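Structure record follows, encoded as structure tokens.
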Amino acid sequence: MPTKTVSVYGYGRFGRVWAEILAEDFQVKVFSRRGLKVNEVAPEIEITDEKGIFDCDALFFCVAISSFEEVLKKSARYFKKETVYFDTCSVKVFPARWMKELLPEGSRIIATHPMFGPDSYKQTAKKLPNAICNVTADAEIVEEWAAYFSSKAFKVELMTAERHDKMTAYSQGITHYMGRVLAELELQPTQIDTLGYKMILEVIEQTCHDSWQLFLDLQNYNPYSNRMRERLSESICRVNAALGKLET
């Protein structure tokens with residue numbers, strides 16, 4: 001892939017990591033609505049304003065799910081049809097719909113979910129999943145970016161936005177849900193912890209290290225999460241009912 005200018009809109013914990021990954025191969029520009037200081041950004045990365053961030057070959061939105069639609073609406077006057085647009089949200093159905101509705105007609109849009117956080121990216125040598133859901137891009141554009149991601153530390157998974165959200169309602173949504181539920185128990189390590197209990201504590205640590213806003217967004221913006229929670233509640237009731245029978 002020839003050298004391109006790639007922009008990252010949003011410079012939170014994930015946006016920072018994503019920009020640094022892309023800067024290994026591209027000219028990268030970043031923008032944050034909160035404002036950025038020079039010492040917050042690696043020397044090879046350019047800080048720009050909201051208008052300048054859209055002057056690029058490809059743009060990745062690294063913003064909270066709950067604010068993404070509003071960001072698209074407010075930035076509409078800067079959009080350029082020739083740019084390839086990506087989101088990096090942890091859900092896909094709604095972001096894909098918003099981009100298709102609010103970006104210029106004929107835009108090349110690819111919905112992505114790099115399935116790792118800033119901590120897990122740095123702590124593993126394994127290939128990390130990166131889900132890619134084509135929205136309106138040409139096949140060759142998708143193939144080009146899929147090949148790029150595959151050349152990095154990612155295992156590319158091509159799928160529809162609907163399939164992604166159905167899968168992650170359980171694989172990701174239930175993990176974050178249970179992590180928050182277990183955190184409410186205020187569990188503590190003991191000197192006789194089993195391996196299973198240690199893994200539970202690790203789940204709590206991993207999920208609760210992320211923001212409360214991310215947890216709410218995962219639950220509220222995945223159209224399949226409500227059914228996941230209903231099934232989970234039904235399962236708990238069945239287990240408790242079985243325990244009740246044993247007690248009598």
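In segment 55-149, how many lysine pairs have Cα atoms under 14 Å apart, counting only pairs 8 or more places apart or on different chains?
The number of close lysine pairs in segment 55-149 is 4.
Between rounded, prolate and oblate, where does segment 1-87 land on the alpha carbon gyration tensor, with a ≥ b ≥ c its root eigenvalues, rounded for a/c under 1.5, else prolate if a/b exceeds b/c? Walk me through the numbers before you get to the answer.
Values: a/c = 1.58, a/b = 1.15, b/c = 1.38.
Oblate.
Just check segment 126-185 against the gyration tensor rule for me: Cα atoms, a ≥ b ≥ c as the square roots of the eigenvalues, rounded for a/c under 1.5, and otherwise prolate or oblate depending on whether a/b exceeds b/c.
Numbers: a/c = 4.56, a/b = 2.01, b/c = 2.27.
It is oblate, given that a/c is not under 1.5 and a/b is not larger than b/c.
What does the net charge come to around Thr48 if you take all other residues with beta carbon closer than 11 Å to its beta carbon, with K and R at +1 and D and E at -1? Write out the running numbers ahead of the final one.
Values: positive: Lys29, Lys51; negative: Glu46, Asp49, Glu50, Asp55.
Here the charged neighbours net out to -2.
Which value, to two decimals, describes the C-alpha radius of gyration of the chain once divided by 2.2 N^0.38 Å? Could the numbers behind the result be given before it?
Values: Rg = 20.2 Å, N = 248, 2.2 N^0.38 = 17.9 Å.
Its radius of gyration relative to the 2.2 N^0.38 Å reference: 1.13.
Just to make sure I understand: if all protein chains stay in place, what is the order of Cys208, Cys62 by accessible area at 1.4 Å, largest first? Numbers along the way, then the final one.
Details: Cys208 45, Cys62 20 Å².
Largest to smallest exposure gives the sequence Cys208, Cys62.
Near Ile236, within a Cβ-to-Cβ distance under 14 Å, what is the net charge of the other residues, with Lys and Arg +1 and Asp and Glu -1?
Numbers: positive: Arg229, Arg231, Arg238; negative: Glu230, Glu234.
Combined, the nearby Lys, Arg, Asp and Glu give +1.
Which cross-chain or sequence-distant (5 or more) residues have an amide H under 5 Å from the amide H of Lys4, H modelled 1.01 Å from N in plane?
For Lys4, whose amide H was placed from the backbone, the distant partners under 5 Å are Gln27.
With the cut-off at 1.5 for a/c, could you classify segment 163-248 from its C-alpha gyration tensor as rounded, prolate or oblate?
Details: a/c = 2.34, a/b = 1.15, b/c = 2.04.
Oblate.
I'd like the distance between the alpha-carbon centres of segment 8-37 and segment 61-103, rounded to an integer number of Å.
16 Å
The values are calculated or read from the model by the stated rules, or taken from the named source; none is laboratory data. Note that the structure is a prediction, hence the values are computed from the model and not measured. Positions of Cβ are backbone-derived with ideal geometry, glycine not excepted, and every protein chain shown enters the neighbour counts. Calculation scope for accessible area: heavy atoms of the full protein, side chains included, ligands and nucleic acids excluded. Shrake-Rupley method; radii C 1.70, N 1.55, O 1.52, S 1.80 Å.
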